[in-house]
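Please treat every number below as a calculation from the coordinates, not as lab data. Keep in mind that what you see is a predicted model, and the values were worked out from it rather than measured. Don't worry about glycine lacking a Cβ; one is built from the backbone with ideal geometry, like all the others, and counts go over all protein chains shown.
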Amino acid sequence: MPYEEDSVVAEWMNRLRDLNVKTKKMFGCYCLYCDGQAIGWIHDSVLSLREVGLTYLPKEIKRPCPEDKIQELVIPLDYVDAEWLSKAVQDTADNRKRGK
C-alpha cells in the first residue's frame, strides 16, 4: 500500500505546527500523534481523527455510529485551514490522555 504524498502530509502538519505533533509511517498511512497520543491517521488526503465526542465540529464532518467498528471522524483536506482544526487535534489528545 503506497504512503500518502509528502506534500499532503506537509500541508496538514504545517497547519498543526503550533502543536506538539508528529507522524509515523504505519500500515500504508501516517499515524498522527499529539502530545504522545495516537489520535488519527493521514491517508487519501484526509485526516481521520479519533472520535472523542467533540461537540463544536461542523455538521459536515460525519460522526460514526456507536456500532461502527471504526470510531473516527473523516476530515477532508478542504478543512486544513479551518479555525477549529488545531483545537480539535489538541482536544482529541487531551481526551485520550484522560481515557475518554
> Of the peptides 52-64, 25-37, how do they stack up when ordered by the mean number of other Cβ atoms within 10 Å, highest first?
Replying inline: 25-37, 52-64
>> Placing +1 on the Cβ of each Lys and Arg and -1 on the Cβ of each Asp and Glu in the chain, which of Asn14, Cys31, Ile75 has its Cα farthest towards the positive end of the resulting dipole?
In response: Cys31
> Using +1 on the beta carbon of Lys and Arg, -1 on that of Asp and Glu, and nothing else charged, what's the dipole of region 1-64 about the Cα centre, debye to 20?
Replying inline: 220
> Loop-only check: which GluC sites (Glu not before Pro) in region 1-40 are DSSP coil with at most 14 other Cβ within 10 angstrom?
Replying inline: Glu5
> Which whole number of Å³ per residue matches the convex hull of the alpha-carbon atoms in the chain?
Replying inline: 101
> What list of ³J(HN,Hα) couplings, whole Hz, do you get for region 55-63 from phi and the Karplus terms 6.51, -1.76, 1.60, once you set θ to phi - 60° and write x for glycine and proline?
Replying inline: 9, 9, 6, x, 5, 5, 7, 5, 8
